[in-house]
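So the structure is just underneath, and the comments pick up after that.
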Amino acid sequence: MVIRVEFYGIARQRADTATIHVEEDGSSLTLGELLQQIVTQIPELAQDCIANDQLQTGYVANINGQEFISDPRRIIESGQSVLIMSADAGG
């Protein structure tokens with residue numbers, strides 16, 4: 001199973017990369033489990049973006065550019081893309 005994770009804004013600056021791939025043996029992961037895997041690969045994100053298997057205030061996750069999610073129990077399927085970005089106000 002592979003999930004593509006894309007970083008935007010401040011999350012990209014902290015990660016120092018635009019994209020990573022998270023590979024797992026199962027067919028799905030929860031958002032919380034995915035965030036654990038991300039911090040394992042990029043510990044710098046634990047400072048500002050991710051804490052206790054959840055995104056910190058000011059950051060959002062999106063699946064395939066279509067659905068914003070925050071529930072750490074939300075299932076992410078193999079082949080989906082998860083976008084992590086700062087929740088900047090503005091227009």
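Is one or more of the residues making up segment 74-82 charged (D, E, K, R), at pLDDT 95 or above and in contact with a Gly (Cβ under 9 Å, 6 or more places away or on another chain)?
Yes, the conditions are met somewhere in segment 74-82.
Go through (1) in contact with a strand residue (DSSP E or B) (Cβ under 6 Å, 6 or more places away or on another chain); (2) closer than 14 Å to residue 8 by Cβ; (3) loosely packed, with under 15 Cβ neighbours inside 10 Å one by one and return the number of the condition residue 82 breaks.
Condition not satisfied by residue 82: (3).
Only one residue in 25, 71, 16 is charged (D, E, K, R) and surrounded by 11 or more Cβ atoms within 10 Å (Cβ to Cβ), so which one is that?
71
Which ranges mark the helices (runs of 4 or more DSSP H) fully within segment 1-76 that have 2 or more residues being in contact (Cβ under 8 Å) with a residue 12 or more places away in the chain and in contact with an Asp or Glu (Cβ under 8 Å, 6 or more places away or on another chain)?
Because the criterion is at least 2 residues that are in contact (Cβ under 8 Å) with a residue 12 or more places away in the chain and in contact with an Asp or Glu (Cβ under 8 Å, 6 or more places away or on another chain), the helices (runs of 4 or more DSSP H) in segment 1-76 that meet it are 10-15, 31-41.
Do we find that residue 51 is aliphatic (A, V, I, L, M), within 13 Å of the chain's Cα centre (by Cα), surrounded by fewer than 16 Cβ atoms within 10 Å (Cβ to Cβ) and over 19 Å from residue 4 (Cβ atoms) in this structure?
Answer is yes for this residue.
Counting just the residues of segment 77-91 that are assigned to a strand (DSSP E or B) and under 20 Å from residue 27 (Cα atoms), which one comes out farthest from the chain's Cα centre (by Cα)?
77
I'm trying to understand the selection: among the residues of segment 31-44, which are closer than 21 Å to residue 87 by Cα and surrounded by 12 or more Cβ atoms within 10 Å (Cβ to Cβ)?
Residues satisfying the conditions are 31, 32, 34, 35, 36, 38, 39, 42, 44.
The values are calculated or read from the model by the stated rules, or taken from the named source; none is laboratory data. Bear in mind that the values here come from a model prediction, so they are computed numbers and not experimental data. Using ideal geometry, Cβ is built from the backbone for each residue, glycine included, and neighbour counts are taken over all protein chains shown.
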